[in-house]
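Inspection log for the structure reproduced underneath, given as structure tokens.
The values are calculated or read from the model by the stated rules, or taken from the named source; none is laboratory data. Here the structure is a predicted model, which means the values were calculated and not measured. Virtual Cβ from ideal backbone geometry, glycine too; neighbours counted across all protein chains shown.
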Amino acid sequence: MKTHKINKILIANRGEIALRIIRACKELGIKSVVVFSEVDVNGVWVRKADECYPIMGDPIAAYLDYERIISLAKKADCDAIHPGYGFLSESAEFAQACIDNGIIFIGPKPEHVALFGDKMASKVAMREVGVPMLPGTDEPIDNINDAEKIAEGIGFPIIIKAAFGGGGRGMRIVEKAKDFKEMYESATNESIRFFGRGEVFIEKYLKNPRHIEIQIVADKYGNVVHLGDRDCSIQRRHQKVIEIAPSPLLNEAVRRELYRVSTKAMFKLGYESVGTIEYLVDQDDNFYFIEMNTRVQVEHPVTEIISGIDIIQRMIEIAEGDSLKFMQEEIKLRGYAIEFRINAENPKLNFAPSPGLITNYMAPGGPGVRMDSCAYTNYKIPANYDSMIGKLIVWALDWEGAVRKAQRALDEFLIEGVPTNIPLHRQIVRDQDFIDGKLDTGYLDTKLSTFNLDAIHNMDDEEAKMKEIEGIIKAINAHNLTVRH
Ligand code: MV4
């Protein structure tokens, strides 16, 4: 095995992504260290890391306390820190603090983290390197009268977005001029409340676009390749629910153009590490940049599966200064992969998070099935974090095969003790529009009203199981079968 500049990595994250990074480290012959909060003491990833250090106190603050994390990294003799997603992953300040302390931040340069954290500055930068943009404002507007004039110039409907936000916070769709002022005020106020900054910008609003993103891998020497696209249109409340690679029903010429524009932009900006460029694609296949993510994303596995490239391992190697070992022409994308985010939430209670004790956990497996999860029987899901308890990823050579694989794998999945969104996924993969690949960002909201929410119950619950067993016993008796024990 080659000798690495990085011998030991501290993982500043938790849950399935911490485990994913541990696995990448082990295959690279790198030692892994995790920090964990007091509610995460029973986490699978804590057991599987080579070393672990508790951080007492508030369970969320533990993963954000970067002075503490950097000092633990030094104490444990780590050469690098992997931030995963969420938490410190998009903090330019943290990336810089790592460098200042002689620790490699496994991610892009701090200036790129900062640039793409600023939605307006990233739009200006991306337009300059040839990426198509929606009509809108480049500069923060602090004056409501100017803002209204700009909105009228663009033409309604428009969308107001927080310049330093995300997750739909500080976002408002304005259909008519008369509603503008009120919406502008509430977007600004919400933005201040959630992000501490009130700057907003305005864009032309597209109705029910597709959300399509391009995975980039770039080294420190100007080699930039893409690993294809993902469709992440199936979202609820700005949370992705299902992700697909490659996007079904995307025009091939448009796809090639997305690849060309994206790689060229990253080359021109000197981006390094892995990253994702997000676009909105309208009904006529016009595409527009919305934002760039400078972290590894939750949905990276669908791309790993169709490309055969281990994105986390390449991210680590890029950070230690390796050049890419493959050229664009060597990347062959094969088949379709679909990821289902498995959340502990109750579809019958407006998808409220439902943390608690998993009393039985039987994950699907078999050919073409990947599970990225830290769940197990008798694991108590802490209430302090988001509700995602794992990801089911399926793969097949064609779309129809991937859908059948998904139906089978989801039917196999058994989780008892907490309600989950698995029954919702089971309905989606049997929906004709999904089967036909007809997806856009309006899909899930529309379908939720047609899905029978009463039917979205866990077939896994005790009552259903007892009914099933009674049925079997009746059948056995009716057929006069001999049952051997
Ligand atoms: C948009 C849009 C339509 N037009 N931008 C961006 C972040 C993502 N979370 C939602 N985003 C959108 N940006 C323009 N110019 C539509 C969305 C969007 C959306 C907006 C409001 C309510 C629900 C939505 C679901 C998916 C996408």
I'd like to verify a number: residues in segment 277-313 that are in a strand (DSSP E or B) and more than 13 Å from the ligand (Cβ to nearest atom), how many? 1
Select from segment 116-143 the residues that are within 16 Å of the ligand (Cβ to nearest atom) and among the polar types (S, T, N, Q) and write down the one among them that is nearest to GLU185 (Cα to Cα). THR137
Looking for whichever is over 29 Å from SER273 (Cβ atoms), of a type in the set (A, V, I, L, M), surrounded by 13 or more Cβ atoms within 10 Å (Cβ to Cβ) and in contact with a Lys or Arg (Cβ under 7 Å, 6 or more places away or on another chain) here; the options are MET183, MET171. Which one fits? MET183
Return the pairs, sorted by first residue and then second, in which the second residue is within 12 Å of the ligand (Cβ to nearest atom) and hydroxyl-bearing (Ser, Thr, Tyr), the first residue lies in segment 116-140 and is more than 17 Å from THR294 (Cα to Cα), the beta carbons are less than 7 Å apart, and the residues are 6+ apart or on different chains. PRO132/TYR288; MET133/TYR288; LEU134/TYR288
From the set of residues in segment 211-248 that are within 12 Å of the ligand (Cβ to nearest atom) and of a type in the set (Lys, Arg), which is nearest to the chain's Cα centre (by Cα)? LYS240
Pull up segment 231-260, narrow it to residues that are out of contact with any helix residue (DSSP H, G or I) (no Cβ under 6 Å at 6 or more places or on another chain) and of a type in the set (D, E, K, R), then point me to the one that is surrounded by the fewest Cβ atoms within 10 Å (Cβ to Cβ). GLU252
I need the full set of residues from segment 176-199 which are touching a strand residue (DSSP E or B) at 6+ places or on another chain (Cβ under 7 Å) and at pLDDT 90 or above, in order please. PHE180, MET183, TYR184, SER186, ALA187, THR188, SER191
Please name all residue pairs, on different chains or six or more residues apart, with Cβ atoms under 8 Å, provided the first residue is in segment 185-214 and is closer than 25 Å to ILE244 by Cβ and the second residue is more than 16 Å from the ligand (Cβ to nearest atom) and charged (D, E, K, R). ILE212/ASP229; GLU213/ASP229; ILE214/ASP229
Only listed residue being surrounded by 18 or more Cβ atoms within 10 Å (Cβ to Cβ), at pLDDT below 90 and either in contact with a helix residue (DSSP H, G or I) (Cβ under 8 Å, 6 or more places away or on another chain) or assigned to a loop (DSSP other than H, G, I, E, B) (or both), chosen from ILE141, ILE160: ILE141
Which one of these is in contact with a strand residue (DSSP E or B) (Cβ under 6 Å, 6 or more places away or on another chain), hydrophobic (A, V, I, L, M, F, W, C) and in a loop (DSSP other than H, G, I, E, B): CYS78, CYS25? CYS78
Out of (1) within 22 Å of ILE70 (Cβ to Cβ); (2) assigned to a helix (DSSP H, G or I), the one TYR53 does not meet is (2)
Counting just the residues of segment 167-209 that are basic (Lys, Arg) and closer than 20 Å to ASP138 by Cβ, which one comes out nearest to the ligand (Cβ to nearest atom)? LYS204
Sort out which residues of segment 266-276 are assigned to a loop (DSSP other than H, G, I, E, B) and surrounded by 20 or more Cβ atoms within 10 Å (Cβ to Cβ), and write them in order of number. TYR271, GLU272
In segment 144-157, which residue that is surrounded by 14 or more Cβ atoms within 10 Å (Cβ to Cβ) and assigned to a loop (DSSP other than H, G, I, E, B) is nearest to the ligand (Cβ to nearest atom)? PRO157
